[in-house]
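Trainee: Pasting a structure here, questions to come.
The values are calculated or read from the model by the stated rules, or taken from the named source; none is laboratory data. Computed from a prediction, not measured in an experiment: that's the story for all the values here. For neighbour counting, all protein chains shown are included, and Cβ atoms are generated from backbone atoms with ideal geometry for every residue, glycine included. Surface accessibility is based on the protein's heavy atoms, side chains included, excluding ligands, DNA and RNA. Shrake-Rupley method; radii C 1.70, N 1.55, O 1.52, S 1.80 Å.
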Amino acid sequence: EQEILTQMKQTVFEFMNNTKWTKDKFSVEERINCNIQIQINAIPSPGVYEGTMQIQSSRPAFKSTYNTTAFNFVDMDISFPFSRNSVLIYAPNQFRDNITSVLAFYAYYIIGVDYDSMSLKGGNPYFVEAQQIVANAQSSNIKGWMSNESSKKNRYWLIDNTLQQLFEPLRECNYEYNRKGLDQLYENKESARKNMFNALNKLSKIAASRPGSINVTIFVQAKTSELKNLFYDATLTEKTDLVNLLKKIDP
């Protein structure tokens, strides 16, 4: 029924854009650019949908029209009921339904990543909120929220890793890569590139102890084509050092 899918699209759009996620005030043009694509792969029973969700957000670079990919992830386990005239309402500390919790989780995670890129660990309150959504969803026994699932690439591990001390270098990297690197490109390209390399180098420690972790992989893959463009006119030594570093972080 195409009509229900069209309504689902509008309901998700309105929920993400009309819910007040933070106490901070923003003008419309200051809002985070975000794109969500839900792919329905199966309807196991009437009104129940299964599929995947791709979530992508970006952040502007200072003094430019360029936007850098901040977060890009495909959630492989989305299952939810949806009927005509369904209303999505987020209630903190409560699991109402799966689609509301999934969307709220990514809203807070995206905000956390964005705030982390602006100030060191500035996204903490939003990551904590995302972790609370995971905790509330544990009782639902729905895939994507559990620590004991075969895949370590789900919502549970995404936020659990983020708030672990071991992954603090990634949050420092996010801040330094953006504020000391990307945002400084207009002023001093050479210095900015050096800062970006140094920021990425912080990920070596995580890669050594947790190779292939979802969080590092997401960050590096979001930046790969960007780095390629930024370092195209760098010296051969700089290019070689960068490639070797990226191979170490994300083979």
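Trainee: Test residue 88 against the criterion of being of a type in the set (A, V, I, L, M), under 30 Å from residue 191 (Cα atoms) and open to solvent by 20 Å² or more (accessible area, probe 1.4 Å), and give yes or no.
Mentor: For residue 88, the condition - of a type in the set (A, V, I, L, M), under 30 Å from residue 191 (Cα atoms) and open to solvent by 20 Å² or more (accessible area, probe 1.4 Å) - is not met.
Trainee: While we're looking at this one, here's another question. Could you tell me which residue of the stretch 21-39 is nearest to residue 77 (Cα to Cα), considering only residues that are under 19 Å from the mean Cα position of the chain (by Cα), outside any strand (DSSP E or B) and free of Cβ contacts under 8 Å to residues at least 24 places away in the same chain?
Mentor: 31
Trainee: Something else about it: Among the residues of the stretch 212-251, count how many are open to solvent by 50 Å² or more (accessible area, probe 1.4 Å), touching a residue at least 24 places away in the same chain (Cβ under 8 Å) and farther than 28 Å from residue 154 by Cα.
Mentor: Number of matching residues: 2.
Trainee: Could you list, in sequence order, all residues of the stretch 138-155 that are part of a helix (DSSP H, G or I) and either hydroxyl-bearing (Ser, Thr, Tyr) or at pLDDT 95 or above (or both)?
Mentor: Within the stretch 138-155, 139, 140, 155 meet the criteria.
Trainee: Right, something else. Can you tell me how many residues within the stretch 93-133 are over 19 Å from residue 50 (Cα atoms) and in a helix (DSSP H, G or I)?
Mentor: 22
Trainee: Restricting attention to the stretch 208-237, which residues are farther than 22 Å from residue 127 by Cα and either of a type in the set (A, V, I, L, M, F, W, C) or touching a helix residue (DSSP H, G or I) at 6+ places or on another chain (Cβ under 7 Å) (or both)?
Mentor: Of everything in the stretch 208-237, those that are farther than 22 Å from residue 127 by Cα and either of a type in the set (A, V, I, L, M, F, W, C) or touching a helix residue (DSSP H, G or I) at 6+ places or on another chain (Cβ under 7 Å) (or both) turn out to be 208, 209, 227, 230, 231, 234, 236.
Trainee: Take the residues in the stretch 1-58 that are surrounded by 13 or more Cβ atoms within 10 Å (Cβ to Cβ) and aromatic (Phe, Trp, Tyr), then tell me which one is nearest to residue 103 (Cα to Cα).
Mentor: Taking the candidates together, the pick is 15.
Trainee: What's the number of the only condition in (1) touching a Ser or Thr at 6+ places or on another chain (Cβ under 9 Å); (2) within 27 Å of residue 135 (Cβ to Cβ); (3) surrounded by 15 or more Cβ atoms within 10 Å (Cβ to Cβ) that residue 185 fails to meet?
Mentor: (2)
Trainee: Which residues, taken from the stretch 79-92, are under 21 Å from the mean Cα position of the chain (by Cα) and in a loop (DSSP other than H, G, I, E, B)?
Mentor: Scanning the stretch 79-92 gives 90, 92.
Trainee: OK, next. Filtering the stretch 115-151 down to residues that are in contact with a strand residue (DSSP E or B) (Cβ under 6 Å, 6 or more places away or on another chain) and either surrounded by fewer than 14 Cβ atoms within 10 Å (Cβ to Cβ) or of a type outside the set (Lys, Arg) (or both), which residue is farthest from residue 74 (Cα to Cα)?
Mentor: 117
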